[in-house]
Amino acid sequence: MKLSELEAVPGSRKNRKRIGRGIGSGTGKTSGRGQKGQKSRSGGNPHPWFEGGQMPLYRRLPKRGFTNIFKKSFEIVNVSQLADLGGDGPITPEVLKEKGLIRKGEAVKILGNGELTGKVTVHAHKFSQSAVLKIEKPGGKAVTI
């Protein structure tokens, strides 16, 4: 068998419906859109969430809560992830970004999930209490930026 001899299975490929091509085609004149009305016009469909004039769902439901524009968001790194780094210098947000542990370079918070064996100096914007204990137990330092 050669690549040029490949053929589709009979019945698997179907020609598209060509509308507006004369009376004999079955979809001539009005092109399957019916006679009159909104949907027969060009560009004549309402938006997908239109409910026929009924009060729409997004207006019927009560609105709750708000977005705090002053919220400070942190990128989370666990102590177990710091153990895998193992470098000789201090661990800073720049190092974490370089190693792919954080995405943006925003504020970093270290959480205490996992164990740390080596002595490391960690620079971050925030630490949980358990993270500070686990970093300082083997003789490391947790430095708040």
Task: Top-ranked residue in the range 135-145 [being among the hydrophobic types (A, V, I, L, M, F, W, C) and within 19 Å of Asp84 (Cβ to Cβ); ranked as surrounded by the fewest Cβ atoms within 10 Å (Cβ to Cβ)] - done: Ala142
- [ ] From the list Ser25, Ser40, Ser31, pick out the single residue that is of a type in the set (S, T, N, Q) and on the phi > 0 side of the Ramachandran plot.
- [x] Ser31
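What number of residues in the range 33-49 are surrounded by 12 or more Cβ atoms within 10 Å (Cβ to Cβ) and part of a loop (DSSP other than H, G, I, E, B)?
Within the range 33-49, the first condition is being surrounded by 12 or more Cβ atoms within 10 Å (Cβ to Cβ), and the residues that meet it are 33, 40.
With part of a loop (DSSP other than H, G, I, E, B) added as a condition, the list becomes 33.
The total comes to 1.
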TODO: Could you tell me which of the residues Val132, Val120 is crowded, with 16+ Cβ neighbours inside 10 Å and over 27 Å from Phe70 (Cβ atoms)?
DONE: Val120
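The numbers here are math on the coordinates, done by the rules we state, and not lab data. As the structure is a prediction and not an experimental result, all values here were calculated from the model. Note that each Cβ is placed from the backbone with ideal geometry, even for glycine, and that neighbours are counted across all protein chains shown.
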